[in-house]
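Engineer: This is the structure I have questions about; it appears just below.
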Amino acid sequence: MRIGFALGNEASDHITEKKNYLLLAHSKLRQCSIGPEIFIGELPTDIRGVSKLIRNEKVIWQKEFLTGEDNMCHSIENLEQHHFKYDLFRQPSSAHIHFMGTATLSFGDDIVTKENDRFEIHAFEFGRELSNSYKIKKSKRFNVRQL
């Protein structure tokens, strides 16, 4: 059962990804955000929105993005069939979030994000904009013990 669609911001480490394409999965191990509203119903096939990066209350990068099936290589139905063909992903009470991706990336324009930068994503169909800040949390050292 599909609940609906929402804006999402999947932060990726493209510097790691560029080192070696085999590190693509590792580059995705970052915080992400979704919402703040869910679109329920048939998704329009052509959606246009704007992504912004704000630093010290000034827009330092802004670009239009395209999404919806008219702007995708695969249909949403095809993506769902591919994902849910595995029994493991069809468990009751599980929730799955798919990030469809975009060709609009601040990294592609040589923008380097800094702590406290704010990302804003807006597309009319999804209501309020998604806004989240970039925070750096230092990892704590840990030890693995032998049983």
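Engineer: Please pick out the residue among K63, K58 that is out of contact with any Asp or Glu (no Cβ under 6 Å at 6 or more places or on another chain) and over 18 Å from L7 (Cα atoms).
Structural biologist: After ruling out the rest, the residue left standing is K58.
Engineer: Something else now. Give the residues of the stretch 60-87 that are of a type in the set (A, V, I, L, M, F, W, C) and surrounded by 12 or more Cβ atoms within 10 Å (Cβ to Cβ), sorted by residue number.
Structural biologist: Residues of the stretch 60-87 of a type in the set (A, V, I, L, M, F, W, C): 60-61, 65-66, 72-73, 76, 79, 84.
Of everything in the stretch 60-87, those that are of a type in the set (A, V, I, L, M, F, W, C) and surrounded by 12 or more Cβ atoms within 10 Å (Cβ to Cβ) turn out to be I60, W61, F65, L66, M72, I76, L79, F84.
Engineer: Do we find that I54 is surrounded by 13 or more Cβ atoms within 10 Å (Cβ to Cβ), closer than 21 Å to H122 by Cβ, modelled with pLDDT under 95 and β-branched (V, I, T) in this structure?
Structural biologist: Criteria not met by I54.
Engineer: For the stretch 1-51, which positions are surrounded by 14 or more Cβ atoms within 10 Å (Cβ to Cβ), among the basic types (K, R) and at pLDDT 80 or above?
Structural biologist: R48 - this is the single residue of the stretch 1-51 that is surrounded by 14 or more Cβ atoms within 10 Å (Cβ to Cβ), among the basic types (K, R) and at pLDDT 80 or above.
Engineer: From the list E80, E129, exactly one residue is among the acidic types (D, E) and in contact with a Pro (Cβ under 9 Å, 6 or more places away or on another chain). Which is it? Working first, answer last.
Structural biologist: Working: E80 fails: in contact with a Pro (Cβ under 9 Å, 6 or more places away or on another chain).
Unique residue meeting the criteria: E129.
Engineer: Identify the single condition in (1) more than 18 Å from the chain's Cα centre (by Cα); (2) not in a strand (DSSP E or B) that I60 does not satisfy, given that it satisfies every other one.
Structural biologist: Of everything listed in (1) more than 18 Å from the chain's Cα centre (by Cα); (2) not in a strand (DSSP E or B), I60 misses just condition (2).
Engineer: Which residue pairs have Cβ atoms under 7 Å apart, sit 6 or more places apart or on different chains, and have a first residue in the stretch 45-63 that is over 17 Å from A11 (Cβ atoms) and a second that is part of a loop (DSSP other than H, G, I, E, B)?
Structural biologist: From residues that are over 17 Å from A11 (Cβ atoms), the pairs are T45/G68; D46/G68; I47/G68.
Engineer: Just name the residue that is farthest from N71 (Cα to Cα) out of those in the stretch 96-134 that are surrounded by fewer than 12 Cβ atoms within 10 Å (Cβ to Cβ) and touching a residue at least 60 places away in the same chain (Cβ under 8 Å).
Structural biologist: It comes out as R128.
Engineer: Can you tell me which residues in the stretch 111-139 are charged (D, E, K, R), at pLDDT 90 or above and in a loop (DSSP other than H, G, I, E, B)? Show your work before the answer.
Structural biologist: Our first condition is that a residue be charged (D, E, K, R); within the stretch 111-139, this holds for 114-115, 117-118, 120, 125, 128-129, 135, 137-138.
Pick out the ones that are also at pLDDT 90 or above and you get 114-115, 117-118, 120, 125, 128-129.
Once the filter is applied, which keeps residues that are charged (D, E, K, R), at pLDDT 90 or above and in a loop (DSSP other than H, G, I, E, B), the stretch 111-139 yields K114, E115, D117, R128, E129.
Engineer: Inside the stretch 63-87, can you point out the residues that are part of a loop (DSSP other than H, G, I, E, B) and under 20 Å from G127 (Cα atoms)?
Structural biologist: Kept after step one, since they are part of a loop (DSSP other than H, G, I, E, B), are these residues of the stretch 63-87: 68, 72-75, 85-86.
Answer for the stretch 63-87, where residues must be part of a loop (DSSP other than H, G, I, E, B) and under 20 Å from G127 (Cα atoms): just G68.
Engineer: For the stretch 14-57, which residues satisfy the criterion of being hydrophobic (A, V, I, L, M, F, W, C) and assigned to a loop (DSSP other than H, G, I, E, B)?
Structural biologist: L29, I38, I40, L43
The values are calculated or read from the model by the stated rules, or taken from the named source; none is laboratory data. Since the structure is predicted, the reported quantities are computational estimates derived from the model, not experimental observations. All Cβ positions, glycine included, derive from the backbone under ideal geometry; neighbour counts span all protein chains shown.
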